[in-house]
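These notes are about the structure you will find just below.
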Amino acid sequence: MSKQTTLKSSFTLSGKGLHTGLQITLTVNPAPENTGYVIKRVDLPNVPEIPALAEYVSETTRGTVLKLGEVQVSTVEHALAALYALGIDNCILEVNAPEFPILDGSSKFYVEQIENVGIEEQSKDKDYFVVTKKIVYETPDKSSSIMLLPDETFSVQTLIGYDSPVLGNQFAVLENMADFKTEVAPARTFVFVRELEPLLKMNLIKGGDLTNAIVIYDRPTAKSELQRLSELMNQPCPEVDSLGYMNTELVFNNEPARHKLLDVIGDLALIGKPIKGKVIAMHPGHSVNTALAKLMRKEIKRQEILPPVYNTDSTALLDINQIKELLPHRYPFLLVDKVVEMGSDYIVGIKNVTMNEMHFLGHFPNEPVMPGVLIIEAMAQCAGLLVLSQVEDPKNYSTYFLKIDNVKFRQKVVPGDTLVMKVVFLTDVRRGIANIKGYAFVQGKIATEAEMTAQIAKNK
């Protein structure tokens, strides 16, 4: 199993903001396991944070904008593409402006800096989003679509096409992320001359110039009009003899298509997990890319609460006698019969509900229903076993619950039911404190869920 990674040390990049024109400094720092990508606005009071996740996408005009409350940051896709393609799982990105620096309009400098500081393997396993079925997003007018298909590795294909004598149909493919550095990262963003004035009227591209984007001249335009655009942008007007690329030679013959592929990777990084699947993007853009990322986030959340597969014939990982060695609870308050599955950050426990239990004498004699507080207690005992698995000598420790939040009772539990309980860490155990989410399933449906905070303490 592949392990999570972070940076060995921090790096800093500075440059203009494409849309604000501000001089910006971005520092990318290592981060603990399970952090993901977190963006901090260090220029604002209290240094607010925005998780780099699709649900925080607020705008996609000429770049991906993340917003949480009143705090936003834009043009994040080039940095995220480099981190994601190079397999970085956890980092904190500190920026002193409402956008990332555009640099040369590519991901090249991010890749160089990541390689310069190095990548550090962490102890926790990578948590992949494994594609098991086709996921598609298509615009209402069917002009653009992006599709995710099952595959063993992550790969991306893009097709772009414009009604332009200079830039028609182009295709790009990246089968192996190891080739991102040479085949995709240097590909720069692009803009048509005819788009410049509308973008300026939208209060965008204040920092745009001939060094940070490919400028495509595909419609004959009077010199006086070009001069006027030059004055609006406060940039010198280049000599234009014919249609084509005004300011530069292309790094690749299909550089625009490769940049669109880069954008796809950066936007899909917003799912918060590495992908095992094939992406096919037809005429992609930030709007389409992030729409798919949002669908994937919904699928991730749905999968997080799928009932565990419980095979009644499987051998218990911990039987009742082993559980009694770890938990202080005894009859009639020991509410976990066995543990059938356990990983580094989760546990699955079983409670068989029978009519012989004492609480059914009064709750309720004519219609026996398991008290909700006892379902919570059963999940808490599972959580206790999970927390104890984090110490070397668990028999010498006990777990005490400090807080229970967001409890929901969705259906009643009655004699004859089997509670299948899945409990997961929400955060790592820090200073003896654990934040935990628990689900109790009956017949494949959630009966109860709750968030819990627990403290682990050594026995006296």
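Strands (runs of 3 or more DSSP E) fully within the stretch 391-460 that include at least 1 residues being touching a Cys at 6+ places or on another chain (Cβ under 6 Å): 418-425.
Applying a threshold of 7 Å to beta carbon distances and a minimum spacing of six or more residues, or different chains, the list of pairs starting in the stretch 382-396 at a residue that is farther than 15 Å from residue 338 by Cβ and ending at one that is acidic (Asp, Glu) and surrounded by fewer than 22 Cβ atoms within 10 Å (Cβ to Cβ) reads 395/325. Does residue 412 meet the test of being crowded, with 19+ Cβ neighbours inside 10 Å, within 27 Å of residue 369 (Cβ to Cβ) and modelled with pLDDT of 90 or more? It is false that residue 412 is crowded, with 19+ Cβ neighbours inside 10 Å, within 27 Å of residue 369 (Cβ to Cβ) and modelled with pLDDT of 90 or more. Any residue at all in the stretch 341-359 that is touching a Cys at 6+ places or on another chain (Cβ under 6 Å), part of a strand (DSSP E or B) and surrounded by 14 or more Cβ atoms within 10 Å (Cβ to Cβ)? Yes - at least one qualifying residue is present in the stretch 341-359.
Comparison of 209, 218 shows that the only residue that is of a type outside the set (A, V, I, L, M), modelled with pLDDT under 85 and under 21 Å from residue 20 (Cα atoms) is 209.
Within the stretch 308-348, can you find the residues that are within 14 Å of residue 384 (Cα to Cα) and in contact with a Pro (Cβ under 8 Å, 6 or more places away or on another chain)? Residues satisfying the conditions are 326, 348.
For residue 164, indicate whether it is more than 29 Å from residue 84 (Cβ to Cβ) and either outside the structural domain of residue 23 (by TED's automatic domain parsing) or touching a helix residue (DSSP H, G or I) at 6+ places or on another chain (Cβ under 7 Å) (or both).
Numbers: more than 29 Å from residue 84 (Cβ to Cβ): yes; either outside the structural domain of residue 23 (by TED's automatic domain parsing) or touching a helix residue (DSSP H, G or I) at 6+ places or on another chain (Cβ under 7 Å) (or both): no.
Taking the combined requirement at face value, the residue does not satisfy it.
Being among the basic types (Lys, Arg) and within 27 Å of residue 288 (Cβ to Cβ) is a condition met by at least one residue of the stretch 48-62. A residue that is modelled with pLDDT of 95 or more, at positive phi and crowded, with 16+ Cβ neighbours inside 10 Å occurs nowhere in the stretch 41-64. Applying the criterion of being part of a helix (DSSP H, G or I) and touching an Asp or Glu at 6+ places or on another chain (Cβ under 8 Å) to the residues of the stretch 233-261, the residue that is modelled with the highest pLDDT is 258.
Quick check: is even one residue across the stretch 256-273 of a type outside the set (Gly, Ala, Ser) and surrounded by fewer than 19 Cβ atoms within 10 Å (Cβ to Cβ)? Explain how you work it out, then say what you get.
Of the stretch 256-273, the ones of a type outside the set (Gly, Ala, Ser) are 256, 258-265, 267-268, 270-271, 273.
With the extra rule that they be surrounded by fewer than 19 Cβ atoms within 10 Å (Cβ to Cβ), the set shrinks to 273.
Scanning the stretch 256-273 turns up at least one residue that is of a type outside the set (Gly, Ala, Ser) and surrounded by fewer than 19 Cβ atoms within 10 Å (Cβ to Cβ).
Kindly indicate whether any position in the stretch 74-85 is aliphatic (A, V, I, L, M), touching a helix residue (DSSP H, G or I) at 6+ places or on another chain (Cβ under 9 Å), at pLDDT 95 or above and surrounded by fewer than 20 Cβ atoms within 10 Å (Cβ to Cβ).
no
Scanning the stretch 7-32 for residues that are touching a Ser or Thr at 6+ places or on another chain (Cβ under 7 Å) and hydroxyl-bearing (Ser, Thr, Tyr) yields 10, 12, 14, 25, 27.
Number of residues in the stretch 193-211 that are buried (at least 17 other Cβ atoms within 10 Å of the Cβ), under 24 Å from residue 161 (Cβ atoms) and not small (Gly, Ala, Ser): the value is 5.
Give the stretch 264-283 a look and list any residue that's part of a strand (DSSP E or B) and farther than 17 Å from residue 88 by Cα, or say none.
Of the stretch 264-283, the ones part of a strand (DSSP E or B) are 275-282.
Hits for the stretch 264-283 are 277, 278, 279, 280, 281, 282.
Considering each of 158, 211, 132, 182 in turn, give the residue that is farther than 27 Å from residue 230 by Cβ, in contact (Cβ under 8 Å) with a residue 12 or more places away in the chain, of a type in the set (Ser, Thr, Tyr) and not in a strand (DSSP E or B). Going through 158, 211, 132, 182 in turn, just one is farther than 27 Å from residue 230 by Cβ, in contact (Cβ under 8 Å) with a residue 12 or more places away in the chain, of a type in the set (Ser, Thr, Tyr) and not in a strand (DSSP E or B): 132.
Count of the stretch 299-319 residues, restricted to those that are polar (S, T, N, Q), modelled with pLDDT of 85 or more and assigned to a helix (DSSP H, G or I), is 0. Of everything in the stretch 135-147, what is closer than 17 Å to residue 264 by Cβ and part of a loop (DSSP other than H, G, I, E, B)? Give them in sequence order. Answer for the stretch 135-147, where residues must be closer than 17 Å to residue 264 by Cβ and part of a loop (DSSP other than H, G, I, E, B): 139, 143, 144.
For the stretch 117-125, the count of residues that are assigned to a loop (DSSP other than H, G, I, E, B) and at pLDDT 95 or above is nonzero.
Out of all the residues in the stretch 99-110, is one or more among the charged types (D, E, K, R), more than 24 Å from residue 257 (Cβ to Cβ) and at pLDDT below 95? Write out each step before concluding.
At the first step, the residues of the stretch 99-110 found to be among the charged types (D, E, K, R) are 99, 104, 108.
Narrowing the set further to residues that are more than 24 Å from residue 257 (Cβ to Cβ) leaves 99.
Those left that are additionally at pLDDT below 95: none.
Checked against the condition, which is being among the charged types (D, E, K, R), more than 24 Å from residue 257 (Cβ to Cβ) and at pLDDT below 95, the stretch 99-110 yields no hits at all.
Contact annotation: residue pairs with Cβ atoms under 8 Å, 6 or more positions apart or on different chains, pairing a residue in the stretch 397-413 that is of a type in the set (Gly, Ala, Ser) with a partner that is surrounded by 16 or more Cβ atoms within 10 Å (Cβ to Cβ) and in a strand (DSSP E or B), are 398/456.
Residue 230 passes every criterion in (1) outside any loop (DSSP other than H, G, I, E, B); (2) of a type in the set (Gly, Ala, Ser); (3) touching a Lys or Arg at 6+ places or on another chain (Cβ under 8 Å); (4) over 29 Å from residue 142 (Cα atoms) apart from (3). Given the conditions (1) touching a strand residue (DSSP E or B) at 6+ places or on another chain (Cβ under 6 Å); (2) surrounded by 14 or more Cβ atoms within 10 Å (Cβ to Cβ), which single one is not true for residue 121? Every listed condition holds for residue 121 apart from (2). If the condition is being touching a residue at least 40 places away in the same chain (Cβ under 8 Å) and more than 21 Å from the chain's Cα centre (by Cα), then the stretch 24-46 contributes 24, 25, 42, 43.
The values are calculated or read from the model by the stated rules, or taken from the named source; none is laboratory data. Predicted model only: the values in this text are computed from it and were never measured. Note that each Cβ is placed from the backbone with ideal geometry, even for glycine, and that neighbours are counted across all protein chains shown.
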